[in-house]
1. Hey, can you grab everything whose amide H is under 5 Å from the amide H of Ala251? Only 5+ residues off in sequence or another chain; H modelled, so Pro and N-termini drop out.
2. With the other protein chains left in place, how much accessible area per residue, in square angstrom, belongs to the chain at a 1.4 angstrom probe?
3. With the alpha-carbon atoms as the only input, what is the per residue convex hull volume for the chain in Å³?
4. Give the percent of DSSP beta bridges with both residues in the chain that are antiparallel, rounded to the nearest 5.
5. Once Rh is set to the Kirkwood radius over Cα pairs, what Stokes-Einstein translational diffusion coefficient, in µm²/s, holds for the range 16-69 at a temperature of 25 °C and a viscosity of 0.890 mPa s?
6. Taking a threshold of 23 Å on the Cα-Cα distance, which of the pairs Lys96/Lys202; Lys117/Lys314; Lys90/Lys314 fall above it?
7. Show me, for the range 198-205, the HN-Hα J-couplings you get by feeding each phi into the Karplus relation (A = 6.51, B = -1.76, C = 1.60, θ = phi - 60°), rounded to Hz, glycine and proline as x.
8. Rounded to the nearest percent, how much of the accessible area of the range 36-184 (1.4 Å probe, protein heavy atoms only) is carbon and sulfur?
Amino acid sequence: MAKEKSDKDIHLAKDLEDLPGIGPATAEKLKAEGFETIEKIATASPHELAEIGDISVDSAKKAIEVAKKSTEIGFETGEVIFERRKEIGKIDTGSKELNDLLGGGVETQSITEFFGKFGSGKTQVGFQLAVNTQKPKEQGGLGGKVLFVDSEATFRPERIKQIAEANGMDGTEVLKNILVARALNSDHQILLIDKADEIIPKENIKLIIVDSLTSQFRSDYVGRGALSERQQKLNRHIRTLQRLADKFNIAIYITNQVMDNPGILFGDPTTPIGGHVLAHQSTYRVYVRRGKEEKRIARLIDSPSMPEGECVFKVTANGVQ
Ligand code: GTP
Ligand code: MG
């Protein structure tokens, strides 16, 4: 798929493929020779790059030029970052305990990942967030709409309506503010997120939900041989999400299922699909499991800013509590 590259994209080049004249095949060749990052491209010589990437010297020069610009803007003053962090908003999860675990709720400019077995409540938390995001700030929301990428066909409008009404909101209005797209396969899912740049400001989107992030990738890339390609695609997909989170000051909520018998692929039963790629890129990772009846136990795992900890919340008829 040929992607139009606007000036804006160019300045934000984070991946080799964001550079002009570098498609997936060229990127692959360059990465294989150790040019894995924009920084490395920025410091390469045009002839070297042309030879390894099998592109013209002119193309190589252009790619290097853009890579240089992109790394320049890679540096920001601490003050700029401080200012941006002041803008961080938080969405109420519905549970005070869960909010506390996350340092006040689901944050903008971050990726929050819930992983756990089927029925652990990942989707329910997503529904609750889809409702709460629409509330005004004083009530724990961000006064905005929601983009819901549904990759498992588990979006339930009736359930959203029920949760909304339990929160004293108009169910139909709440549903109008949730833009749902069913991801048909992993490439389609990637495309939906790649195209989100336009819709986010236009529709005042404040939260993107990808439920689940990994299932389509799991079925599209089967077997050991496909693992590295799958991880690469996932990696890029997550970086796009993080870029959207930063650029538009929005929150990202992703879910990830833990396989029932993961011993075949991974040693640890709590290792989510996507493994290390996700581990390093989600800002908040929460392992969630079922307790008795409506109870759910959430454990925060390797967060950069919050202590590890556990809490109990409930999934009830009225939503997350
Ligand atoms: P997978 O997507 O299969 O990996 O699971 P998940 O983690 O997304 O689970 P999900 O969020 O769909 O949780 C399903 C569970 O939520 C059900 O088994 C119920 O326990 C609970 N649940 C869903 N709807 C209701 C409801 O209307 N009332 C109550 N009390 N519980 C509900
Ligand atoms: Mg689910």
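The values are calculated or read from the model by the stated rules, or taken from the named source; none is laboratory data. Because the structure is a prediction, the values reported are computed rather than measured. Positions of Cβ are generated from backbone atoms using ideal geometry, with glycine treated the same way; all protein chains shown enter the neighbour counts. What goes into the accessible areas is simple: the full protein's heavy atoms, side chains included, and nothing from ligands, DNA or RNA. Shrake-Rupley method; radii C 1.70, N 1.55, O 1.52, S 1.80 Å.
1. Gln109, Leu207, Ile208
2. 48
3. 138
4. Antiparallel bridges: around 40 percent, rounded to the nearest 5.
5. 239
6. Going by Cα-Cα distance, Lys96/Lys202 fall outside the 23 Å limit.
7. With coefficients 6.51, -1.76 and 1.60, one gets 7, 6, 4, x, 4, 9, 6, 6 Hz.
8. 51
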